[in-house]
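To keep things clear, I will list the structure first and then write my remarks on it.
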Amino acid sequence: MDTSIHAVAEILRSSAVVACLTGAGVSAESGVPTFRDAQTGLWARYDPQRLASPQGFAADPGLVWRWYMARLAGVEKATPNPGHLALAEMERHWPGFALITQNVDDLHERAGNTNIIHLHGSIARFHCQRCGTLHNLQAAERTAPQPPRCATCGGNVRPSVVWFGETLPQSSLTAAVNAVSACDALLVVGTSGLVYPAAELPLIAKRAGSRVIEINPEPGPLSALADVTLRGRSGALLPQLLGIGD
Ligand SMILES: [Zn+2]
């Protein structure tokens with residue numbers, strides 16, 4: 001065990017409350033492509049704003065729908081990796097373990113975490129763009145070329161993800177701020193280029209006296225702030241921290 005892994009394990013052992021913030025790297029290790037990486041083939045020619053904004057959805061609901069249903073199909077083929085499973089183990093070990101994620105897939109849920117804060121929403125959930133009513137989808141609705149219509153108001157049903165130009169759900173942001181303010185240690189995993197307001201979370205943790213641990217293959221803006229940094233894949237490093245992998 002190298003010295004930095006030992007140092008992180010020691011921080012975790014001495015922490016009563018632990019929280020974690022995950023980003024795209026954790027999902028990428030399960031084969032879920034990032035938004036940009038998913039823009040291949042016929043999708044490559046579209047501006048991201050056309051595929052992921054309220055204006056893009058209003059202009060061409062079918063295009064946006066087909067893009068998200070293609071991505072959802074990719075998510076459903078993926079399975080949680082050892083990093084996801086280690087984070088589920090941490091929830092069992094630390095009561096109140098909060099998992100804050102920038103990812104829109106449901107791999108943390110499938111790994112077994114229950115206390116999950118989705119900062120950017122969820123690709124497997126749906127609501128009406130006009131009235132907000134939640135909507136459960138039938139298989140045939142997902143493969144249809146156009147989004148389903150809301151039974152309440154007739155508006156278009158959309159994936160419950162945060163689009164360009166939209167603000168993060170306030171309840172999620174508040175829950176995330178509360179979690180990082182209350183923890184003794186914050187793991188920041190698989191994300192180097194943190195975008196505001198998620199970028200604030202490690203700072204808030206630090207100011208509240210928490211220790212910040214960065215786990216990422218590449219250095220990023222967070223590296224200077226972190227108390228300890230582990231360079232590598234989360235699927236290899238997180239199980240090592242628990243002593244349940246190699
Ligand atoms: Zn509606």
Could you go through the stretch 180-188 and let me know if any residue there is surrounded by fewer than 18 Cβ atoms within 10 Å (Cβ to Cβ), outside the structural domain of residue 67 (by TED's automatic domain parsing) and under 22 Å from residue 34 (Cα atoms).
no
Considering each of 104, 162, 177, 157 in turn, give the residue that is of a type in the set (A, V, I, L, M, F, W, C), in contact (Cβ under 8 Å) with a residue 24 or more places away in the chain and closer than 24 Å to residue 226 by Cβ.
177
Only one of 152, 143, 133 that is farther than 21 Å from residue 54 by Cβ and surrounded by fewer than 17 Cβ atoms within 10 Å (Cβ to Cβ):
143
Checked pairs for the stretch 218-238, first touching a residue at least 40 places away in the same chain (Cβ under 8 Å), second part of a loop (DSSP other than H, G, I, E, B), C-beta under 7 Å and 6 or more apart or across chains, list as 229/223; 233/29; 233/217; 234/29; 234/190; 235/29; 235/81
Only residues in the stretch 129-147 that are within 8 Å of the ligand (Cβ to nearest atom) count as the first member; pair them with residues that are not in a loop (DSSP other than H, G, I, E, B), Cβ under 7 angstrom, at least 6 apart or cross-chain, and list the lot.
129/57; 129/156; 129/158; 133/127
Residues that are modelled with pLDDT of 95 or more: list the helices (runs of 4 or more DSSP H) wholly contained in the stretch 110-216 that include at least 3 such residues.
170-182, 200-207
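The values are calculated or read from the model by the stated rules, or taken from the named source; none is laboratory data. Nothing here was measured: the structure is a model prediction, and the numbers come from that model. Backbone-built Cβ (ideal geometry, glycine too); neighbour counts: all protein chains shown.
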